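In what follows, a single structure is set out as structure tokens and then discussed.
Nothing in this text is a laboratory measurement; each read-out follows from the coordinates by a stated rule. These numbers come from a predicted model, not from an experiment. When we count neighbours, we look across all protein chains shown, and the Cβ atoms used for this are built from the backbone with ideal geometry, even at glycine.
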């Protein structure tokens, strides 16, 4: 029995898209179920040697020829709100297939595509008016004059992509519901976004490599930085913490939008000595910044319907994290992240959560432990690949679903040096050490109540109790 064929069209590194990392991690697992041909932007040279070592890698211009040679091929297109998907969208309009919709809102991509590929900005203007009426026409005029506003997110511009798709793979119930309002009969499957198991990085060693003092409180945000990542209220929270006497530092790890005056915001907040903008960092250094952080802020509003791989990496590494309670992020189970409501109280909530989690390390550790367990159970690469294979089998009529390779085609784990063994530390038993409410227990109980934890939240309360026991043993 021959494995089915998949034509997989996606950015890969060095393309400037987070979907490049996503695909390079998923492909060795998806390759267990089918023969893969990877199609990439014409002229792009992959930097990951594993791709060409294990897969056939062809330019997108070869897609038509390959489909004529193998007409039963399952066709997968990855679409996101980035110019890196231009060639993919051009082919998707000619050869309908299954679209992995990473962003429900493709407005900025469609504007860019009309101006830079079609060389007809009025095509975008006409489409906005025809699709959304007077409000759309008005928004188009603002956008072509570079007057970008939050209101643009109300005009998703994904309708052409839905019309050209045979089926959709999405990563959240939120996007599935949004799609249903536009294309009620569209075949859609929600598949988990898989991320690799976290690397084990020692916090003290990571801080030493990054030049961070061991005793400061470190907050960090990860990913591409723009006006929607809520950096301004986060900066105000950092300023307030420092005014209260806490030596707080804020790391902004990722590239910065050219239209976003982040340096000016930091200067006006007088936080130049407390905030570091790293720019893009390689994966190994990314892991160091994650390990070094006491608290992560993964905030965004408005949302384009995206599911954040960087967020899942933070949660998977067990970092206590703040998220905006919108879109796919609102679907996180209780106790896996501290959810911040966008709106007038956003800044106060960010500050309150920062105070709470930085001052209550037991609660922060328990929140991180619950997050790590959630990602390990629900967001594996193996589970993501199986979700893809099941949907493609249904869409393309595969008679049976077979895993032809017992193991992934290659390992995506970053090799880490083994930590030197340490001698076990034996503590004498302390019977009834927690029989009375110590100040630590009382403070943790108050903090748990503030986070909204209940008796039913067994996993996080158990992790909290274990952490309290560890801290109490050191007293």
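A few remarks follow.
- The rule of thumb for compact globular proteins, 2.2 N^0.38 Å, goes into the C-alpha radius of gyration of the chain 1.04 times.
- Highest to lowest packing among 304-317, 397-410, scored as the average C-beta count within 10 Å: 304-317, 397-410
- With Cα atoms, 0 to 90° folded angle of helix 173-182 axis to the chain main axis: 30 degrees
- Degrees between helix 283-292 axis and first principal axis of the chain (Cα, 0 to 90, nearest 10): 30 degrees
- 0 to 90° range, to nearest 10: angle between helix 361-378 axis and the chain longest Cα axis: 30 degrees
- Viscosity 1.567 mPa s, 4 °C: Kirkwood-radius Stokes-Einstein D of region 203-377 over Cα pairs, µm²/s: 81 µm²/s
- For the chain, relative contact order (Cα pairs under 8 Å, six or more residues apart, normalised by length) works out to 16 percent.
- Counting only DSSP beta bridges whose two residues both lie in region 203-377, roughly 5 percent are antiparallel.
- Percent of beta bridges antiparallel (DSSP, region 143-297, rounded to nearest 5): 5 percent
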